[in-house]
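Only one structure is covered here, and it is reproduced in the block below.
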Amino acid sequence: MSEHQPANHRCGAPVSGEPARRDWRDTLREATDLALLGFALALAALPVLTLAPAVGTASAALHQRSVTGSWPDARTTFARFGRALPAGLAVSAVGLAVAGVLGADLVALATGRVPGGGPALAVTAVVGAALLGYAGLVAVAVGRTGGRGWRAAARAVARVCPARPGTWAAASGVCCLAGLLAVLVTPIAVPILAGYALAALHAVATRRPVTQPEAP
């Protein structure tokens, strides 16, 4: 090998200006981080009414990771969760109530307890999927403002979704697929699935942001 060859060639490093290639260790590290995020989300959501603050905090962590390349420290995460609690508790109550009503409707239609049959069941299922996609995009928007601002995020997403049906449909697909897998996999894997689903929602929304300006 020539003595005049650049040092980075001699040691096998990429030439300056070339992007570093990701190997299996980077992929494994990313997968582990998302799994840990899912478990942290599930643990924070155990009281049920803390579901929205937990999702908002996890979404904010994912957003920070995508912007800065690093995860927030524990102090920042706990501070975000604490600030998200007051409004998040009400959001959780509303979301759970809506989910309960839709679930009851689906069960009643599927078992024939109310009239409507297949067409009504299909319409209700589509409405439920659309609401799931909307909620997923709201969670992404909240993550971009530090885990807070549910009302502003809900309004912003409600304006944008009809204008960008492809993004809305993709988010709905992510949520429905996550729900289906949650039924099929072992319960211990459900938190891992939550981390991956939230990351997928961020990926869907990245190409076409559906949120208000970021909070400082």
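The values are calculated or read from the model by the stated rules, or taken from the named source; none is laboratory data. These figures come from a predicted structure and were not determined experimentally. Note that each Cβ is placed from the backbone with ideal geometry, even for glycine, and that neighbours are counted across all protein chains shown. Remember, those area values only see protein heavy atoms, side chains included, never the ligands or the DNA or RNA. Shrake-Rupley method; radii C 1.70, N 1.55, O 1.52, S 1.80 Å.
Quick notes on this structure:
- Choice from W150, W24, W168 with maximal GNM fluctuation in the chain (Cα, 10 Å cutoff): W24
- Taking other residues whose beta carbon is less than 11 angstrom from the beta carbon of R65, and scoring Lys, Arg as +1 and Asp, Glu as -1, yields -2.
- Between segment 41-110 and segment 119-189, the alpha-carbon center distance in angstrom: 13
- Computed magnitude of the charge dipole of the chain (debye, nearest 20; Cβ of K, R +1, Cβ of D, E -1): 500
- Relative contact order computed over segment 126-215 (Cα-Cα under 8 Å; 6+ residues apart), in percent: 44
- Relative contact order, whole percent, for the chain stands at 26, derived from Cα pairs under 8 Å and 6 or more residues apart.
- Sequence ranges 105-114, 196-205, ranked by mean other-Cβ count within 10 angstrom, highest first: 196-205, 105-114
- Positive minus negative residues near G88 (Lys, Arg vs Asp, Glu; Cβ under 14 Å): +4
- Taking every DSSP helix (H) stretch of at least 4 residues in the chain, weighting each as -39,500 (n - 2.57) and dividing the sum by the residue count yields a mean residue ellipticity at 222 nm of -24500 deg cm²/dmol.
- FRET efficiency for T206 and V123, using Cβ-Cβ distance with R0 set to 45 Å, rounded to 0.05: 0.90
- Of the DSSP H helices in the chain, those that are both long (alpha-carbon extent of 20 Å or more along the helix axis) and hydrophobic (Kyte-Doolittle mean at least -1.0) are 24-44, 51-68, 74-110, 117-143, 165-184, 190-206.
- Sulfur and carbon atoms: percent of accessible area, the chain [1.4 Å]: 68
- Probing with 1.4 Å while keeping every protein chain in the model, the per residue accessible area of segment 32-86 equals 52 Å².
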